[in-house]
Amino acid sequence: LLSSHAILAAMANPIANSPSHVPRALPCRASVVAHPLSAEAPNLPLAKTTVAARGVSGAFSIGEYHGSRLAWRAALVFGVMRWQRRRARGSRSAFVVRCAQSQANQQRVLVVGGGLAGLNLALRLAEMPWPVSERRQAPSITLVDPKERFVFSPLLVDYALSGEVELDEFAPQFQALLGHSRDEIGRLPKLPSTRPGKLHHLRGRIGTVDWQRRRAHYSSAETGELQDLHFDALVYAPGQLGTGKPPTIQGLAEAVAASRAQTFLSLADAEALHTRLAVGNVQSIAVVGAGYIGVELATALAEKRKYHVALFGNALLQGSEVPNRRRSEDRLQALGVTRYKGRVRAINEAGLLWTSASEDVLSATPQQHESNLVLVTGAAAASLTDPEMDPRINLQLSSPDDYLRGAPGIFCIGDVSAAAAGTPATGQAAMQQAEVAAWNVFAQLSGLPRIAWRRYSPSVLGEYISLGRNSAAAVVDASQLTKLVPPALPPTAAALLDPLLSASASTGRESRKVDLGGRSAALLRRLSYLYKMPTLGHRAWVAKRWAERAAASDAALPA
């Protein structure tokens, strides 16, 4: 049950007042706490003894006994037997045991969601130097996402309206990215007795997750086949789908079916909007949602000078930097975009119904706004998403802790973690969380102590908003730019450049933010998004394509 030295240690010290007095051979802490009848005689045979066995879930008392040492020795064995019965029933303490048992062969990491957070975490786990031996292989890392392509959503507006971004540049296939990753890992120096993780992609969905038994129910998007995926650690990164129940707009589903409205959330939405505008039967467009995507859509549409554009939302760019809000307001006004501060209540055949933010919601009479097309962005756009794509309906998690854990062995990153913490869901936060969670998964499965784990602390590197084809608004903190280097460059180059950049950044007295606008901000936005692209090989390929396109555009200009 316990190793012999652990039992001997417990028997030799019946007055131990801490679980640390008993060495742990199994992931169960057994402590024997004696309450003597008198302080002068702590070892009296009639001492009142309490035996407790502890699992991951905490301590539970086995019982109190009065008698000789034989009695509490029997109680210790009984406590361990009870702990084993709890483990067989799938208790939380079984988690560490299963991880310890799976270390003899191959551990399994399941990543749910292939967005910016999930994909970057999976790629980082594959690069880790996992310890191997004759009885232990490098872990298997499974990325589950129903899509064939990874979609870098900040460039959806550029793809749908400006035509400056091509499909494979911002939405490469997962298999192509994994091929780039394998090539880059093959060029990394190998450490003795270590191997990189084995990463592969499954096109499908995760329905229910039984985190106590370490099992997830998977359905294939190609064949519909159902199977159970077992795991030692699970990373939950479903993107905006996992942020909770989205708000609904009355009549949205009927309007989408009648082509009077559409959502703007996915690659299919961007392609549908491009096709719809190419037909040429749209004169007025109402954009619902004054967040990042809503503002970028409104400015890109108004810049074409073909449509009358109206933007609906209670607050413009809520939570963003003040200079960016100011530049966005000026740009919207210059392009003739009509701003309505209020909430959209319903979508009808003539357009939409809305109420002003200054009026009482219950007593106000909705106003009619006529438009040919209603574009719904933000959380309301997720209300039409297939609920089976969101495993949160069957995965009850608490708010993630500082280590980004929602439950033992379960890590939550991306939009779902930001929603729980009440912080803005941005691509920068997703990438930073992916770095922290990847290390913590590696530390957990490698058996590193908790002191070696990393705590997540968000830091803003910059904020960028597109305001047209060659215009943007940006707020950059120069002192934070050194944090871009280690993930963006190969490890060897990052190790050489990081001390130099850190020294140059530390020369400044204070952290000062600089706001930019126009072409310089648009160029900085493109460079920032290029950095956020997954894998170094894909970044290099996209940079080459963008440079060739810019050179061709300059050559076509008249002398």
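Of everything listed in (1) crowded, with 19+ Cβ neighbours inside 10 Å; (2) at pLDDT 80 or above; (3) not hydrophobic (A, V, I, L, M, F, W, C), the single unmet condition for G537 is (1). Does at least one position in segment 239-260 carry a residue that is within 30 Å of Q107 (Cα to Cα) and open to solvent by less than 30 Å² (accessible area, probe 1.4 Å)? The answer is yes, given that some residue of segment 239-260 is within 30 Å of Q107 (Cα to Cα) and open to solvent by less than 30 Å² (accessible area, probe 1.4 Å). Of all residues in segment 299-319, those satisfying the criterion of being outside any loop (DSSP other than H, G, I, E, B) and open to solvent by 60 Å² or more (accessible area, probe 1.4 Å) are E303, H308.
If only residues of segment 117-130 that are open to solvent by 30 Å² or more (accessible area, probe 1.4 Å) and in a helix (DSSP H, G or I) are counted, the one that is modelled with the highest pLDDT is R124. Within segment 434-458, the set of residues being under 19 Å from G197 (Cβ atoms), within 19 Å of the chain's Cα centre (by Cα) and either open to solvent by 30 Å² or more (accessible area, probe 1.4 Å) or not small (G, A, S) (or both) comprises E435, V436, W439, N440, V441, F442, Q444, W453, R454.
Within segment 324-369, the residues that satisfy the criterion of being assigned to a strand (DSSP E or B), open to solvent by less than 60 Å² (accessible area, probe 1.4 Å) and within 25 Å of E254 (Cα to Cα) are Y340, G342, V344, A346, I347, G351, L352, L353, W354, T355, S356, H369. Within segment 459-469, take every residue that is open to solvent by 10 Å² or more (accessible area, probe 1.4 Å) and within 19 Å of the chain's Cα centre (by Cα) and give me the one that is nearest to Y292 (Cα to Cα). Only one residue tops the list, namely E463. Selection of segment 131-143 for residues being in contact (Cβ under 8 Å) with a residue 12 or more places away in the chain and either surrounded by fewer than 24 Cβ atoms within 10 Å (Cβ to Cβ) or in contact with a Ser or Thr (Cβ under 6 Å, 6 or more places away or on another chain) (or both) yields P131, V132, S133, R135, R136, Q137, A138, S140, T142. Once segment 164-210 is narrowed to residues that are touching a Pro at 6+ places or on another chain (Cβ under 8 Å), closer than 22 Å to N105 by Cα and open to solvent by less than 60 Å² (accessible area, probe 1.4 Å), the residue that is modelled with the lowest pLDDT is T194.
You will find that of L501, L461, the residue that is touching a helix residue (DSSP H, G or I) at 6+ places or on another chain (Cβ under 6 Å), under 23 Å from G115 (Cβ atoms) and at pLDDT below 85 is L461 and no other. What number goes with the only condition from (1) within 30 Å of R331 (Cβ to Cβ); (2) open to solvent by 20 Å² or more (accessible area, probe 1.4 Å); (3) modelled with pLDDT of 85 or more; (4) within 12 Å of the chain's Cα centre (by Cα) that A430 does not pass? Among (1) within 30 Å of R331 (Cβ to Cβ); (2) open to solvent by 20 Å² or more (accessible area, probe 1.4 Å); (3) modelled with pLDDT of 85 or more; (4) within 12 Å of the chain's Cα centre (by Cα), the lone unmet condition for A430 is (2).
Consider E296 carefully, then state whether it is at pLDDT 90 or above, open to solvent by 20 Å² or more (accessible area, probe 1.4 Å) and among the charged types (D, E, K, R). No: the conditions fail for E296.
The values are calculated or read from the model by the stated rules, or taken from the named source; none is laboratory data. The structure displayed is predicted, hence computed values, not measured ones. Every residue, glycine among them, receives a Cβ derived from its backbone with ideal geometry; neighbour counts consider all protein chains shown. Note: accessible area is taken over every heavy atom of the protein model, side chains too, but ligands, DNA and RNA are not part of it. Shrake-Rupley method; radii C 1.70, N 1.55, O 1.52, S 1.80 Å.
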